[in-house]
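Structure first, commentary second.
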Amino acid sequence: MPLPPYPEFDEVMRALLGDIAPVVTFESDEIDPPYIYVTRVGGREDGVADSPVIDVEYVAATRAESKTLKTAGQERIRAAGNTAPGGFLIDTADETTGGQYLPPLQRELRGVTATVRLSYRRPRG
């Protein structure tokens, strides 16, 4: 019997961070801040766990608000090892690149980005 697929990275990130701000996989003028924009930029699975590298952009109306959002997300990610938000078993979680301020895509918004690596398993039946 084949194993079930790994959960999608954005589903795991929504379960982990969705109560802090909406988690999205695209940016649009129609999405009001604050929100957390996630993109998988690397990583691989090894048959036991999937270990995506994820860019996480915290977007808010002001630099101070984006920094506050980033701090909340950073603390949540650092504490995510050996937890199961939304039923997704996360073995490890760490920040590989700390927060950096970004020039905004939309001039009125401000963002802080970080890169994280999670390691999570397939769902159990």
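Considering only GluC sites (Glu not before Pro) in DSSP loops that have at most 10 other Cβ atoms within 10 Å, the longest stretch of the chain without any of them is 31-107.
Rounded to the nearest 20, the Cβ-based charge dipole of the chain about its Cα centre (Lys and Arg +1, Asp and Glu -1) stands at 340 debye.
In degrees, nearest 10, range 0 to 90: what is the angle between the Cα axis of helix 63-78 and the longest Cα principal axis of the chain? Once rounded, the angle reads 10 degrees. Residues whose amide H lies under 5 Å from that of VAL24, counting only those 5 or more places away or on a different chain, are ILE36, TYR37, VAL38; hydrogens are built 1.01 Å from N in the peptide plane. Between ASP50, ASP91, ASP32, the GNM of the chain built on Cα springs shorter than 10 angstrom shows ASP32 fluctuating the most.
Charge tally for TYR101 (other residues, Cβ to Cβ under 12 Å; Lys, Arg +1; Asp, Glu -1): +3. Short-range pairs are left out: with C-alpha atoms under 8 Å and at least six residues apart, the relative contact order of segment 1-54 is 27 percent.
Checking (1) 8.3; (2) 7.7; (3) 6.7 against mean projected area of the Cα convex hull in nm² calculated from these atoms, the matching label is (2). Full extension of the chain between ASP94 and GLU45 gives 16.0 nm of extra length, using 0.36 nm per residue less the Cα-Cα distance.
Over all other residues within a Cβ to Cβ distance under 14 Å of TYR6, the charged ones net out to -2, with Lys and Arg as +1 and Asp and Glu as -1. Element breakdown for the chain at a 1.4 angstrom probe: carbon and sulfur atoms account for 51% of the accessible area.
The values are calculated or read from the model by the stated rules, or taken from the named source; none is laboratory data. Keep in mind that what you see is a predicted model, and the values were worked out from it rather than measured. Here the Cβ is made from the backbone with ideal geometry for all residues, glycine too, and neighbour counts use every protein chain on show. SASA here: full protein model, heavy atoms, side chains in, ligands and nucleic acids out. Shrake-Rupley method; radii C 1.70, N 1.55, O 1.52, S 1.80 Å.
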